[in-house]
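Colleague: Let me give you the structure first, and then I'll get to my questions.
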Amino acid sequence: MLRGRLGIDSAKVPHKDRAGLLYLARGALTARDGALAFLQKETTAADALAPGDYAIPHRGVSMILLGPGSTVSHDALRLLAHARTALAAVGEDGARLYTAPPLIADRSGLARAQARCWADDDLRLAVARRMYAWRMGETPPRRSLDALRGLEGARMRESYRLLARQIGVEWRGRRYDRSRPQAADLPNQALNHAAGAAQAAAAVAVAAVGAIPQLGFIHEDPGQSFVPDIADLHRDAVTVPCAFRAAKRAAERPEENIERVVRRSVGRALAREQVIPAMIDRIKSLFAEQAEEG
């Protein structure tokens, strides 16, 4: 009875043929006549659709990002699960990731290619060098991972200094105490918040392609090390500039909350620059050769 009522007998569309991500906020996601519907509430928020009742092509997207002010029905979750369409609960502008159940990978080639690269010392270094090359704009010398981290650290210290001067922020160096994050100055607080927002976007990208978040190539956090690997690819273009601009604004308007200012700034940049689709393409590119061999 439920299968017929929900209309879940139809064939699934391979993810390679789907459109990608769909962001919905401030409405109700429900099932109606075997399809998804989104009832958009009256709202003045910039990220919301015009008020109305929308049909959602859930079989044609890989992941729905459900933003603040939204609800989802049990029947809608059943439809999404059967279509292997993921539903991620995100913050405003996608700058937080609260949950993204791993429902969508319909093939394991990329995950297996990632695992092969991670388990082989030479391949692991090659992947790390490629990510550093994307960040630096040139291929780094073939050295140990620790040496590459040192090179990147020196480059980022100079990048912080130059961007702070360009944006007009007083910069005294990257300093923060993880146990007392509010004790840092505004630019360092802003960098922490911006990094968290960028990592939320990277977590969505990693989940969307079915990659393994625990297997990182530069970072070594056992829980999510591949996520900051991908987030850092956009550190120069998104994370640091947004953080410093937000720090400047917060200094000029102390009544505004620094975390909110940063996250809205990063969220706008993520949408404007199409960062999550770019991250997805980068992940696929990293392991394309190994995936083809596998």
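Values in this text are rule-based calculations from the coordinates and carry no lab data. Note that the structure is a prediction, hence the values are computed from the model and not measured. We place every Cβ from the backbone using ideal geometry, glycine too, and count neighbours over all the protein chains shown.
Colleague: From Cα pairs below 8 angstrom and at least 6 apart in sequence, can you work out the relative contact order of the chain, rounded to a whole percent?
Modeller: Over the chain, the number comes to 17 percent.
Colleague: Still on this model: Relative to the first principal axis of the alpha-carbon coordinates of the chain, what is the inclination of helix 74-83, with its axis defined by its Cα atoms, in degrees from 0 to 90 and to the nearest 10?
Modeller: 80
Colleague: Where does helix 275-286 land angle-wise versus the long Cα axis of the chain, in degrees 0 to 90, nearest 10?
Modeller: 80
Colleague: May I ask you to derive the relative contact order of the range 169-294, considering only C-alpha pairs under 8 Å and at least 6 residues apart, and to give it as an integer percent?
Modeller: Relative CO of the range 169-294 lands at 28 percent.
Colleague: Here is a further query. Helix 240-252 against the longest principal axis of the chain: what's the angle in degrees, Cα atoms only, rounded to the nearest 10?
Modeller: Helix 240-252 and the main axis of the chain meet at about 80 degrees.
Colleague: Taking R0 as 30 Å, what FRET efficiency do you get between ARG253 and GLU289 from their Cβ-Cβ distance, rounded to the nearest 0.05?
Modeller: Working from the Cβ atoms, E equals 0.05.
Colleague: Counting only helical runs of four or more DSSP H residues, what would the 222 nm mean residue ellipticity of the chain come to if each run contributes -39,500 (n - 2.57) and the total is spread over all its residues?
Modeller: Taken over the chain, the calculation gives -15000 deg cm²/dmol.
Colleague: Using the count of nearby Cβ atoms within 10 Å as a rough guide to exposure, how do THR30, THR44, THR139, THR85 rank from fewest to most?
Modeller: Fewest-to-most ranking of THR30, THR44, THR139, THR85: THR44, THR139, THR30, THR85.
Colleague: While we're here: Once semi-axes √(5λ) of the Cα gyration tensor in Å is worked out from the coordinates, which option in (i) 54, 20, 15; (ii) 35, 27, 13; (iii) 43, 20, 17 does it equal?
Modeller: (ii)
Colleague: Could you calculate the FRET efficiency of LEU77 with LEU49 from 1/(1 + (r/R0)^6), where r is the beta carbon distance between them and R0 is 30 Å, rounded to 0.05?
Modeller: Given R0 = 30 Å and the Cβ-Cβ separation, E is 0.90.
Colleague: For the range 97-218, just say rounded, prolate or oblate: build the C-alpha gyration tensor, square-root its eigenvalues into a ≥ b ≥ c, call rounded for a/c under 1.5, and beyond that prolate if a/b exceeds b/c, oblate if not.
Modeller: Oblate, because a/c is 1.5 or more while a/b does not exceed b/c.
Colleague: Could you check which residue among LEU24, LEU148, LEU191 shows the biggest mean-square fluctuation in a GNM of the chain with a 10 Å Cα cutoff?
Modeller: Sorting by GNM fluctuation, first place goes to LEU148.
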